[in-house]
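Working notes, beginning with the structure itself.
Please treat every number below as a calculation from the coordinates, not as lab data. Predicted model, so just to flag it, every value in this text is computed and none were measured. Ideal geometry is used to build each Cβ from the backbone, glycine not excepted, and the neighbour counts take in all protein chains shown.
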Amino acid sequence: MVYKSIGRYLSQRIARCLLCGDTCGHDSGLCQPCQRELPQLGDACQRCALPLPPAAHTCPGCLQHPPAFASARAAWHYAFPVGQLIQRFKYRGDLAAGFSLARLAAPRLLPPDDAPDLLLPLPLHWRRYWQRGFNQAQVIAAELSRQWHIPLAPRLLRKTSAGHRQQQLNRAQRLRNLEHSFTVRGPVAGMHIGLVDDVITTGATLEAASRALLAAGAARISAYALARTP
Ligand SMILES: [Zn+2]
Ligand SMILES: [Zn+2]
């Protein structure tokens with residue numbers, strides 16, 4: 001698979017830290033001091049990964065309107081330097097930045113004894129895919145699949161409508177915009193599905209994809225992302 005071979009190629013190439021340029025181990029892409037600087041997501045809502053004060057399990061939003069997905073986990077806050085690395089990855093095609101973050105995030109995202117049966121990257125509409133040349137969620141999901149030994153089904157979920165620009169919309173508007181925009185094109189009945197994305201912002205995209213999967217018979221959805229916005 002092309003994403004796997006890119007990963008192998010990059011892991012042989014990465015010898016300098018992506019942030020400070022110092023030499024570092026072959027497989028991480030970031031030197032130890034820079035890894036320690038990453039803004040780890042500590043206490044967070046179990047349902048949507050929103051940062052929360054210690055000992056709170058569920059955010060008020062999820063208590064009021066429980067999302068269709070059962071849980072969401074993110075490795076870091078969407079803050080410096082993770083935000084910058086994700087931007088390099090997504091908008092400037094710096095695949096090494098994406099692989100490096102996925103590689104470091106994978107061991108921290110999988111809760112013990114709760115592995116999904118199948119991993120699905122959140123798909124891009126073909127037009128967006130064509131503009132960008134790759135799906136950032138698929139790059140991340142390929143690395144999670146490799147480390148977790150869980151099969152990846154990159155084409156099972158399709159984004160069938162491009163939707164309007166989402167960035168200026170609030171969560172309810174995003175959800176309306178995304179309604180019926182995902183199609184499930186394979187068997188998911190009774191399965192625990194792991195949905196993978198780069199950043200969880202409002203959770204509206206995850207919500208729409210989860211609803212489509214549950215409607216197709218999936219038993220449960222867990223979401224995994226590199227970072228969470230506040
Ligand atoms: Zn460094
Ligand atoms: Zn929540």
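So the values come out like this:
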read-out	value
Selection count where residues are touching a residue at least 24 places away in the same chain (Cβ under 8 Å) and within 16 Å of ligand 1 (Cβ to nearest atom), scope the range 71-87	5
Test: residue in the range 67-81 that is within 16 Å of ligand 2 (Cβ to nearest atom), closer than 25 Å to A208 by Cβ and polar (S, T, N, Q)	yes
Restricting the range 202-217 to residues that are part of a loop (DSSP other than H, G, I, E, B) and out of contact with any helix residue (DSSP H, G or I) (no Cβ under 6 Å at 6 or more places or on another chain), the residue that is surrounded by the most Cβ atoms within 10 Å (Cβ to Cβ)	G203
Residue list for the range 181-197, restricted to those being crowded, with 17+ Cβ neighbours inside 10 Å and over 18 Å from A70 (Cα atoms)	S181, F182, V184
All positions within the range 40-50 that are within 8 Å of ligand 2 (Cβ to nearest atom) and free of Cβ contacts under 8 Å to residues at least 40 places away in the same chain	C45, Q46, R47
Residue that is surrounded by the fewest Cβ atoms within 10 Å (Cβ to Cβ) [pool: residues in the range 71-126 that are among the charged types (D, E, K, R) and within 26 Å of P151 (Cβ to Cβ)]	D113
Long-range neighbours under 8 Å by Cβ, at least six apart or interchain, first residue over 18 Å from Y224 (Cα atoms) and of a type in the set (F, W, Y) within the range 51-70, second part of a loop (DSSP other than H, G, I, E, B) and within 16 Å of ligand 1 (Cβ to nearest atom)	none
Evaluation of S161 against (1) assigned to a loop (DSSP other than H, G, I, E, B); (2) out of contact with any His (no Cβ under 8 Å at 6 or more places or on another chain) (one fails), failing number	(2)
Test: residue in the range 52-64 that is under 30 Å from Y129 (Cα atoms), of a type outside the set (A, V, I, L, M, F, W, C) and more than 16 Å from ligand 1 (Cβ to nearest atom)	no
